[in-house]
Amino acid sequence: MGFSLVRILVLEDDLNLLEIFSDYLSGIGFHVTPLSEGAQFVPTVLQSSFDLLICDLILPGFNFAKEINAIEKLKKPPGIIIMSGDFDEATKFVGQYRVLAKPFELDTMKKTIHEALSRREQLL
């Protein structure tokens, strides 16, 4: 799968980080949809077809476990990467999803994306 065909939704409430991540991923060829509001997450995912979701774990008014449950029921659920600066909270999801511990290097993000996309292809 070529990068230009890969659709990624990035959910991050820190607008500076959202811009950095979106610009970086777009710059290396991914089709990126940036999102800063947790309340828009499920409707946006259900309205579009994404290959990968990169989600900040802790957002105001956003319950990751609850919201992701609706996404996993899709016929072809997207791959999921969690970003978090809260190590204790993030470890609850290790093994189930790829986890990026903030702060991280953009090269680490790229490597994690490749791993998540490869895993998704194997599962579909």
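Please treat every number below as a calculation from the coordinates, not as lab data. Bear in mind that the values here come from a model prediction, so they are computed numbers and not experimental data. Glycine gets a Cβ as well: all are built from the backbone with ideal geometry, and neighbour counts include every protein chain shown.
Return the residues of the stretch 22-68 that are among the hydroxyl-bearing types (Ser, Thr, Tyr), part of a loop (DSSP other than H, G, I, E, B) and either in contact with a Leu (Cβ under 6 Å, 6 or more places away or on another chain) or within 16 Å of Ser84 (Cβ to Cβ) (or both); say none if nothing qualifies. Give the derivation first.
We begin by selecting, within the stretch 22-68, every residue among the hydroxyl-bearing types (Ser, Thr, Tyr); these are 22, 24, 26, 33, 36, 44, 48-49.
After this cut, where a residue has to be part of a loop (DSSP other than H, G, I, E, B) as well, the list is 36, 48-49.
Ser36, the sole residue that qualifies.
List every residue pair whose Cβ atoms lie under 8 Å apart, where the two residues are 6 or more positions apart in sequence or sit on different chains, the first residue falls within the stretch 60-82 and is under 16 Å from Gln96 (Cβ atoms) and free of Cβ contacts under 8 Å to residues at least 40 places away in the same chain, and the second residue, located anywhere, is surrounded by 12 or more Cβ atoms within 10 Å (Cβ to Cβ) and basic (Lys, Arg).
Listed by first residue and then by second, the contacts come to Ile80/Arg98; Ile81/Arg98; Ile82/Arg98.
Just the residues that are part of a loop (DSSP other than H, G, I, E, B) and either in contact with a Ser or Thr (Cβ under 7 Å, 6 or more places away or on another chain) or farther than 23 Å from Ile20 by Cβ (or both), please, taken from the stretch 105-124. Give the derivation first.
Narrowing the stretch 105-124 to residues part of a loop (DSSP other than H, G, I, E, B): 105, 124.
If the condition is that a residue be part of a loop (DSSP other than H, G, I, E, B) and either in contact with a Ser or Thr (Cβ under 7 Å, 6 or more places away or on another chain) or farther than 23 Å from Ile20 by Cβ (or both), then Leu124 is the only one that fits.
When the residues of the stretch 79-116 are filtered to those that are surrounded by 12 or more Cβ atoms within 10 Å (Cβ to Cβ) and polar (S, T, N, Q), which remaining residue is nearest to Leu52 (Cα to Cα)?
If we take residues in the stretch 79-116 being surrounded by 12 or more Cβ atoms within 10 Å (Cβ to Cβ) and polar (S, T, N, Q), then Thr112 is nearest to Leu52 (Cα to Cα).
Of all residues in the stretch 6-19 being without any contact (Cβ under 8 Å) to a residue 40 or more places away in the chain and either surrounded by fewer than 17 Cβ atoms within 10 Å (Cβ to Cβ) or in contact with a Cys (Cβ under 9 Å, 6 or more places away or on another chain) (or both), which is nearest to Gly85 (Cα to Cα)?
Leu17
Do you know which residues across the stretch 1-46 are touching a Gly at 6+ places or on another chain (Cβ under 9 Å), of a type in the set (Ser, Thr, Tyr) and under 18 Å from Leu100 (Cα atoms)?
Of everything in the stretch 1-46, nothing turns out to be touching a Gly at 6+ places or on another chain (Cβ under 9 Å), of a type in the set (Ser, Thr, Tyr) and under 18 Å from Leu100 (Cα atoms).
Restrict the check to the stretch 84-104 and report whether at least one residue is of a type in the set (A, V, I, L, M), over 21 Å from Ile20 (Cβ atoms) and either in contact (Cβ under 8 Å) with a residue 60 or more places away in the chain or not in a helix (DSSP H, G or I) (or both). Steps first, please.
Narrowing the stretch 84-104 to residues of a type in the set (A, V, I, L, M): 90, 94, 99-101.
Still in the list and also over 21 Å from Ile20 (Cβ atoms): 94.
Now restrict to residues that are either in contact (Cβ under 8 Å) with a residue 60 or more places away in the chain or not in a helix (DSSP H, G or I) (or both): 94.
Yes, some residue in the stretch 84-104 is of a type in the set (A, V, I, L, M), over 21 Å from Ile20 (Cβ atoms) and either in contact (Cβ under 8 Å) with a residue 60 or more places away in the chain or not in a helix (DSSP H, G or I) (or both).
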